[in-house]
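Read the structure below first, then the notes.
All of the numbers you see were taken from the coordinates with simple rules; none came from a lab. Here the structure is a predicted model, which is why all the values come from computation and not from measurement. With ideal geometry, Cβ positions are generated from the backbone for all residues, glycine too; neighbour counts draw on all protein chains shown.
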Amino acid sequence: MRLVEEVSCFKYLDNRDLTGFVDGTENPEGENRKKVALVGEEDPDFKNGSYFNLMRFVHDLEKWEKQPIKTQEDTYGRTKYDNEEYASADKSVHAHTKRTSLKDDNGNSIEILRHSMPFASLTEKGLMFASYGKTPTAFNLMLESMVKGDEHGNTDHLMKYTSIKTSQAFFVPAVEWFASLKD
């Protein structure tokens, strides 16, 4: 086995991305984190496991920094400095917060648990993004909404300033699952 890539990440200010915006503000809290991130009774063989996605986004910060603050804020759907989310009616259909705030057929929020940290080297700067979900569906729907868009082709305009350099998807079994292999 050999190491192919190593990316050193760091915490930046108050959980901001290198674009200057706070990241992960819509994360579930408290016990809801487990409900969102871990497989439940619906799949008892894999209970407490998680569908894990890891992506490395490389930002074009030179292009991003040339944009007026208002354009940057409209791209995210939130204010840059005080991190206030726009009202839903005020968001562009292309806003990152609009493209990733999805509902199921019953009107319930589709959620994932997110963790991200910026990285920077001499040649690349961006964001290492990790998500955890009780099914792979939530993450896949959000990514599709960002990149492919909706039925009208509305995509996430944040993707004009960043690209996905690497992407991995895993199922991470619970410790109990490994213990059951002994039986």
As I understand it, the value is the acute angle between the Cα axis of helix 137-147 and the longest principal axis of the Cα atoms of the chain; what does it come to in degrees, rounded to 10?
20
With θ taken as phi - 60° and the coefficients 6.51, -1.76 and 1.60, list the Karplus ³J(HN,Hα) couplings across segment 54-63 in order, rounded to whole Hz; mark glycine and proline as x.
10, 10, 10, 9, 9, 8, 9, 5, 5, 5
What the 10 Å binned alpha carbon P(r) of segment 32-180 shows, as percent of pairs per bin from 0, is 11, 34, 35, 16, 5, 0
Between K34 and L3, the two model label points (7 Å from Cα along the beta-carbon direction) sit apart by a distance in nm of 3.5
Subset of K35/K91; K47/K134; K91/K160 violating a 19 Å alpha-carbon distance limit
K35/K91
Measure off 7 Å from each Cα along the Cα-to-Cβ vector at V58 and H115, then give the distance between these two points in nanometres to one decimal.
2.5
Mind checking the full-extension length gain between E65 and E144? Use 0.36 nm per residue of separation minus the Cα-Cα distance, one decimal, nm.
25.8 nm
Would you mind ranking Y81, Y86 so that the residue whose beta carbon has the fewest other beta carbons within 10 Å leads the list?
Y81, Y86
Quickly estimate the mean residue ellipticity at 222 nm for the chain, helices only: each DSSP H run with n ≥ 4 gives -39500 (n - 2.57), and the total goes over all residues, rounded to 500.
-5500 deg cm²/dmol
